[in-house]
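Worksheet: one structure, shown below.
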């Protein structure tokens, strides 16, 4: 596909466009990094507050991702393999949290956590449900569970059903088939989806803003901390934490591409 | 099959863990404090001192933009204390019956004071409120429906009789006050009016011009214990601490006005020189952060000394 050949302007245009999009993003990061300056970069990156936020983000998203997987894998398998009534309706409802803003999720969570039996639990133990780190996990889980089911469906769709038929015809139960045949074949897809779900959980803040509210050092995961510091006029923190977020996202996406290979969702 | 059993068991284990942890949490009294984002720095300091004094009480903040609170409180009926970024929001809560014993005379620990900020060097030479009407000055205004500063812009310029002209000069309609600070910092506007507490966050990149008394707004910042507070006694203790001399002093360090009485007219504009000293400190603080040779001590910058030292530490504001 030499660029000089007949009609070569079209690939050249496409490559050029891709290049300019890339340039815009690279410019965004570098200009902000230059704005921050080397001295401040070292200063902010060496602060414990930065890494406390970082670990908070990492462990909360890891836990909520594992819960999402627990729900998402069977749900995705069901959506991919089984025919049941109202399948499309159910699939669309599961898709909801992907399309509606996480803010809606945040607002709706109020409705459930202040009603039976949760009001009773909160009264009995003297805690406010959702105003601590569990609230963060709850929001992350609610937002990503559906997303996870969707991605799992995509991974399972990629696997031909023939292998399952063969396995079952040889006398294995559906359960055994799932764990011994389907799951190993979907492994790459699952890992790739897991990383996307993880990144999505780590980027969540709208729902948190509405439902949880920030307590310094307890519920302010990276994106939320950025918002807080922006409001406090602390541009140094905003810029340096954004850079960490971007590095996190870039490594997650590249990891997904490397592990996921062809079965990555894109 | 072991794998499957593990999978099936893990939600049970998780639930068990959750219950254990909540039980552990149950031993302490954890106050839920709804507070405006802008008060974060001051309140975090207050929390630390308060928790040291009362080891059995922990304070959990729910920092949000003030506009979010009424919805939250209405829906959740949760929380012990409430300190929004404007009296307006607290009065809404009073109206809905969430707060029953609010007393505007005694429950105001601190005030916002309005000041003019311009980008570093003051390129359009803004000296007074009237200068906002000069042709070619790019003015940053707040949207009165989204943030309290917008209401004050309108009030101030209407009082000065230049509202129409200023509206023509306006190049942005901010949804929250940091937007104005950031715009001035990045030279997107030539002048705007913000609270002193906002201005102090951008000392390195903006110039501060105090407003003459007639147009200087004094904004009350009330605090109150919510009706459905779970720990009324502890919440009251924290509120008393916020209202004490010690609590007020912490607010003063972040450029709030804390005089117990500031004479104001009906609209909330300043009547006398009570806040003049604070304004002088603020102007000096802006000089001190930019100029290495400026003397930084109690005399020049007053209680803002910590803020000045914090901002001198890095090129970009932060700590």
(Q) Which count do you get for residues in segment A:225-243 that are farther than 23 Å from residue B:59 by Cα, buried (at least 19 other Cβ atoms within 10 Å of the Cβ) and within 20 Å of the chain's Cα centre (by Cα)? (A) 2
Q. Would segment B:202-222 turn up any residue that is within 14 Å of chain A (Cβ to nearest Cβ) and closer than 26 Å to residue B:80 by Cβ?
A. no
Q) Can you name every residue in segment A:158-182 that is closer than 14 Å to residue A:73 by Cα and free of Cβ contacts under 8 Å to residues at least 12 places away in the same chain? A) A:175, A:179
Q: Pull up segment A:35-44, narrow it to residues that are more than 7 Å from chain B (Cβ to nearest Cβ) and exposed (fewer than 14 other Cβ atoms within 10 Å of the Cβ), then point me to the one that is farthest from residue B:315 (Cα to Cα).
A: A:42
Q. So how many residues does segment A:113-128 have that are within 19 Å of residue B:60 (Cα to Cα) and either assigned to a loop (DSSP other than H, G, I, E, B) or away from chain B (no Cβ under 11 Å) (or both)?
A. 4
Q. Do any helices (runs of 4 or more DSSP H) entirely within segment B:1-82 hold 3 or more residues that are within 11 Å of chain A (Cβ to nearest Cβ), at pLDDT below 55 and more than 24 Å from residue B:148 (Cα to Cα), and if so, which?
A. B:2-26
Q | Yes/no for residue A:62 being within 14 Å of chain B (Cβ to nearest Cβ), assigned to a helix (DSSP H, G or I), closer than 23 Å to residue A:199 by Cα and out of contact with any helix residue (DSSP H, G or I) (no Cβ under 6 Å at 6 or more places or on another chain) | A | yes
Q. Looking at (1) closer than 12 Å to residue B:113 by Cβ; (2) touching a helix residue (DSSP H, G or I) at 6+ places or on another chain (Cβ under 9 Å); (3) surrounded by fewer than 20 Cβ atoms within 10 Å (Cβ to Cβ), which is the one condition that is false for residue B:271?
A. (1)
Q | Matching residues in segment B:254-267 - criterion: being modelled with pLDDT under 90 and touching a strand residue (DSSP E or B) at 6+ places or on another chain (Cβ under 6 Å) | A | B:262, B:264
Q: Output yes when any residue across segment B:154-171 is in contact with a strand residue (DSSP E or B) (Cβ under 7 Å, 6 or more places away or on another chain), within 14 Å of chain A (Cβ to nearest Cβ) and touching a residue at least 24 places away in the same chain (Cβ under 8 Å), and no when none is.
A: no
Q: Return the residue satisfying two criteria in turn: it lies in segment A:218-265 and is in a loop (DSSP other than H, G, I, E, B) and more than 9 Å from every other protein chain (Cβ to nearest Cβ), and of such residues it is modelled with the highest pLDDT.
A: A:221
(Q) With closer than 30 Å to residue B:166 by Cα and surrounded by fewer than 16 Cβ atoms within 10 Å (Cβ to Cβ) as the only criterion, which of B:104, B:144, B:119 stands out? (A) B:144
Q.
Any residue that is without any contact (Cβ under 8 Å) to a residue 40 or more places away in the chain and more than 16 Å from the chain's Cα centre (by Cα) - is there at least one of those in segment A:212-224?
A. yes
Q: Would you point out the residue of segment A:174-204, among those that are assigned to a loop (DSSP other than H, G, I, E, B) and buried (at least 22 other Cβ atoms within 10 Å of the Cβ), that is nearest to the chain's Cα centre (by Cα)?
A: A:204
Q: Considering only residues that are more than 14 Å from chain A (Cβ to nearest Cβ) and surrounded by 18 or more Cβ atoms within 10 Å (Cβ to Cβ), look in segment B:223-234 and name the one that is nearest to the chain's Cα centre (by Cα).
A: B:223
Q. Of the residues A:76, A:106, which is more than 9 Å from chain B (Cβ to nearest Cβ), closer than 21 Å to residue B:61 by Cβ and within 17 Å of the chain's Cα centre (by Cα)?
A. A:106
(Q) Condition first: within 17 Å of the chain's Cα centre (by Cα) and either within 14 Å of another protein chain (Cβ to nearest Cβ) or surrounded by 21 or more Cβ atoms within 10 Å (Cβ to Cβ) (or both). Now tell me which residues in segment A:154-171 satisfy that. (A) A:155
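The values are calculated or read from the model by the stated rules, or taken from the named source; none is laboratory data. Computed from a predicted model, the values in this text were never measured in an experiment. Because the Cβ atoms are built from the backbone with ideal geometry, glycine has one as well, and the counts that use them run over all protein chains shown.
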